[in-house]
Amino acid sequence: MILAIDMGNTNIVIGAIDDEKTYFVERVTTDHGKTDLEYAVSIKSILEIHDIPVSRIEGAIISSVVPPLNAALGSAVKKIFGFEPMLVGSGMKTGINILMDNPKTVGADMIVDAVAAVKEYPCPIIVIDMGTATTMSVVDPSGNYIGGVILPGVKVSLNSLSSKTAQLPYISLDIPGNVIGKNTIDCMRAGIMYGSAAMIDGIIDRMEKELGMKASIVATGGLAPAVISLCCHQIAYEDDLLLKGLLILYNKNRRSS
């Protein structure tokens, strides 16, 4: 069993996983003010909540889009387990070709998602990851990562709407019953939720047109279940997709080393 960690701009996803199953998926807030000890306490507490002793964790791997916190999180892992975690980055064996202008600039989370999707779904594949930003990555019929889009995340859109307009309040992201809202709050919810779903549907259509064929579509991320339930396309949801990708990369690079 390994500890798989994905550090995003808003949340850090922490999970324990092996070749048989995912034991848990938890999220803690990404906080630039936290020390390595504070992160260590959070990780150890999560393990204790799920009754997993430290001795069962044989390795760790981190995917990060927040480089300033890499050292603190890596140090936190070492404090608990006594070993350095593997860090997803340039030079790591992924098993897929990255056909981009500058492969080194592609977000680690987007590559890890693609690695997991290629193992579980037929190509071509569109992978949707809904976090602070919503990313949509494309794997072509030959299994190559060929690019994608980066969109404002659902909460980013909502916060921008509320903060830039004097009369629109901050609201919760519940699914409205109808597209046509009858009050300000329902109008906002409909606009954000149905608007996000329609945007995803529209981009899928355009991506499939460029590919010249239908694609497998899989989504992950905390906000994905609510949004994809409003989409017209058939979209599979996997909460632990990124953790599965991290396990694949851990095993592949551990063997190579």
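Grab the other residues whose beta carbon is less than 13 angstrom from that of Ala108, score K and R as +1, D and E as -1, and report the net. Could the numbers behind the result be given before it?
Working: positive: Lys104; negative: Asp6, Asp109, Asp113, Asp129.
My count for the surroundings of Ala108 gives -3.
Could you work out the local net charge near Gly202, counting Lys and Arg as +1, Asp and Glu as -1, over the other residues with Cβ closer than 14 Å to its Cβ? Don't skip to the answer; put the middle values down first.
Details: positive: Arg206, Lys209; negative: Asp201, Asp205, Glu208, Glu210.
Surrounding charge for Gly202 is -2.
Ignoring any ligand, DNA or RNA, what whole percent of the accessible area of the chain comes from carbon and sulfur when the probe is 1.4 angstrom?
Values: 6490 of 12560 Å².
Result for the chain: 52 percent of the exposed heavy-atom area is carbon or sulfur.
Accessible area per residue for the range 1-150 in Å², computed with a 1.4 Å probe and the full protein assembly in place, what is it? Could you put the intermediate results ahead of the total?
On the way: 6820 Å² over 150 residues.
Here the per-residue accessible area is 45 Å².
Using the Cα atoms as the points, what is the convex hull volume per residue of the range 60-189 in Å³?
Values: hull volume 23.6 nm³, N = 130.
It is 182 Å³ per residue.
Sort all Cα-Cα distances of the range 1-70 into consecutive 5 angstrom bins from zero, then give the percent of pairs in each bin up to the one containing the longest distance.
4, 15, 30, 27, 15, 8, 1, 0
Kindly point out which whole DSSP H helices in the chain project their C-alpha atoms 27 angstrom or further along the helix axis while averaging a Kyte-Doolittle hydropathy of -1.0 or above.
On the way: long enough: 184-211 (40 Å, 0.26).
Taking the DSSP H segments of the chain (at least 27 Å long, mean hydropathy at least -1.0), we get 184-211.
Let me make sure I get this right: for the range 126-257, a, b and c are the square roots of the gyration tensor eigenvalues over alpha carbons, sorted descending. Under 1.5 in a/c it's rounded, otherwise prolate if a/b > b/c, else oblate. Which is it? Don't skip to the answer; put the middle values down first.
Values: a/c = 2.54, a/b = 1.79, b/c = 1.42.
Taking the square roots of the gyration eigenvalues as a ≥ b ≥ c, the range 126-257 is prolate.
Could you tell me how many cubic angstrom of Cα convex hull volume the range 1-140 has per residue? Don't jump to the answer; show the numbers that get you there.
Values: hull volume 16.0 nm³, N = 140.
Expressed per residue, the convex hull around the Cα atoms of the range 1-140 is 114 Å³.
With springs only between Cα atoms under 10 Å apart, run a GNM on the chain and tell me which of Asp201, Asp109, Asp51 wobbles the most.
Judging by the Gaussian network model, the answer is Asp51.
Quick one: compute the contact order of the chain, relative version, from alpha carbon pairs under 8 angstrom and 6+ residues apart, as a percent.
Details: 431 pairs, mean separation 48.2, N = 257.
Result for the chain is 19 percent.
So which residue, out of Met213, Met110, Met193, gets the largest mean-square fluctuation from a GNM of the chain using Cα contacts under 10 Å as springs?
So, out of Met213, Met110, Met193, the one fluctuating most is Met213.
Explain nothing, just the number: dipole magnitude of the range 37-121 about its Cα centre with +1 on each Lys and Arg Cβ and -1 on each Asp and Glu Cβ, in debye rounded to the nearest 20. Don't skip to the end; give the middle numbers.
Working: 7 positive and 9 negative charges, 47 e Å.
Using Cβ point charges on Lys, Arg, Asp and Glu, the range 37-121 gives about 220 debye.
Near the amide H of Gly59, under 5 Å away, which other amide H atoms are found, from residues 5 or more places off or on another chain, if H is placed in the peptide plane?
Under 5 Å from the amide H of Gly59: Leu3.
Test of understanding: what is the full-extension gain from Arg56 to His32, defined as 0.36 nm times their sequence separation minus their Cα-Cα distance?
5.7 nm
Using a Gaussian network model of the chain with C-alpha springs under 10 Å, which one of Ala71, Ala198, Ala60 is most mobile by mean-square fluctuation?
Maximum fluctuation in the GNM of the chain, among the listed residues, is at Ala71.
From the helices alone, meaning DSSP H stretches of at least four residues, give me the mean residue ellipticity at 222 nm for the chain, per-run term -39500 (n - 2.57), in deg cm²/dmol to the nearest 500.
On the way: 7 runs with 99 residues, N = 257.
One gets -12500 deg cm²/dmol as the mean residue ellipticity at 222 nm.
If the chain between Glu20 and Ala226 were fully stretched, how many nm would it gain, using 0.36 nm times the residue separation less the Cα-Cα distance?
On the way: separation 206, 0.36 × 206 = 74.16 nm, distance 2.77 nm.
The span from Glu20 to Ala226 would gain 71.4 nm if fully extended.
Return the subset of Lys93/Lys244; Lys21/Lys252; Lys214/Lys252; Lys34/Lys78 for which the Cα-Cα distance in this structure is over 20 Å, preserving the input order.
Working: Lys93/Lys244 15 Å; Lys21/Lys252 18 Å; Lys214/Lys252 30 Å; Lys34/Lys78 16 Å.
Violating the 20 Å Cα-Cα cut-off are Lys214/Lys252.
Could you work out the pair-distance distribution P(r) of the range 53-97 from its alpha-carbon pairs, with 5 angstrom bin width and percents rounded to whole numbers?
Histogramming the range 53-97 at 5 Å steps yields 5, 19, 28, 20, 15, 9, 3, 0 percent.
The values are calculated or read from the model by the stated rules, or taken from the named source; none is laboratory data. What you are looking at is a predicted structure, and each value in this text was computed from that prediction instead of being measured. Cβ: placed from backbone, ideal geometry, glycine included. Neighbour counts: every protein chain shown. All accessible areas refer to the heavy atoms of the entire protein, side chains included, with ligands and DNA or RNA removed. Shrake-Rupley method; radii C 1.70, N 1.55, O 1.52, S 1.80 Å.
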